[in-house]
Amino acid sequence: MVKPDYLIFTISLLVTLSCEKDAGDFRLSCFEIPKIEGYILRSLDGTYLGEVGTPNRKNIDYSTGYSFVFASNPAFERFSLSIRSPGDMSTKKMWITMAQFGDQLPDYSVDNGMTNMVAGGKPLIQKEFNEDYLHVDVSSLQEGYYRIYLQIHDVLLYDNLVIYDFNN
């Protein structure tokens, strides 16, 4: 019979080892597949066009003044990311992971055959940069739901992205 203390230690050790991240990997330890509840619709120039569902996002940190916005959403092939980091030209990290829609999509959303991908929180695109503006090529990603993460120092911001091929 296995002693309870040994079993607890073994399980804790396995969980710790399975949650390690690679040195070049921006993902947070034990990052699960994010569930999005909605997203903000934005035109190519960043104009707010409305919301689908109830977006669960944190794209502003009021204590530091850091924030970001991207356009367009849904995106096709690329989008632009604009960051507000008051008086700070430090290194920023951005990464994109797959996501899944948490509940049923509203009837009016962009859902024409899009997959609700479940492949883990591993970064599909990741960049390190110092500027406050970035063009991101997402042409290699399939239609679906994604989450964009931005880390500046110890502040982590995120928002929900939809990739859609309007030509189909």
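The values are calculated or read from the model by the stated rules, or taken from the named source; none is laboratory data. Remember, predicted model here, so these are calculated numbers, not experimental data. We place every Cβ from the backbone using ideal geometry, glycine too, and count neighbours over all the protein chains shown.
Here are a few things to note about the model shown:
- Scanning region 109-143 for residues being exposed (fewer than 11 other Cβ atoms within 10 Å of the Cβ), polar (S, T, N, Q) and at pLDDT below 90 gives a total of 1.
- The set of residues from region 40-85 being buried (at least 16 other Cβ atoms within 10 Å of the Cβ) and small (Gly, Ala, Ser) comprises GLY53, SER67, ALA71, SER72, ALA75, SER80, SER85.
- Cβ separations smaller than 7 Å between residues 6+ apart or across chains give the following pairs from region 75-95 residues that are more than 21 Å from VAL155 (Cα to Cα) and touching a residue at least 24 places away in the same chain (Cβ under 8 Å) to residues that are in a loop (DSSP other than H, G, I, E, B) and charged (D, E, K, R): PHE76/ASP165.
- Within region 70-93, being part of a strand (DSSP E or B), touching a Lys or Arg at 6+ places or on another chain (Cβ under 8 Å) and not basic (Lys, Arg) holds for PHE70, ALA71, SER72, ASN73, ILE83.
- Within region 45-72, the set of residues being more than 19 Å from the chain's Cα centre (by Cα) and on the phi > 0 side of the Ramachandran plot comprises GLY50, GLY65.
- Selection of region 43-69 for residues being assigned to a loop (DSSP other than H, G, I, E, B) and basic (Lys, Arg) yields only ARG57.
- Scoring PRO106 on the criteria (1) at pLDDT 85 or above; (2) closer than 16 Å to ILE36 by Cα; (3) assigned to a loop (DSSP other than H, G, I, E, B) leaves a single failure, condition (1).
- Here TYR158, TYR146, TYR164 are screened, and the one residue that is under 19 Å from PHE70 (Cα atoms), modelled with pLDDT under 90 and surrounded by 13 or more Cβ atoms within 10 Å (Cβ to Cβ) is TYR164.
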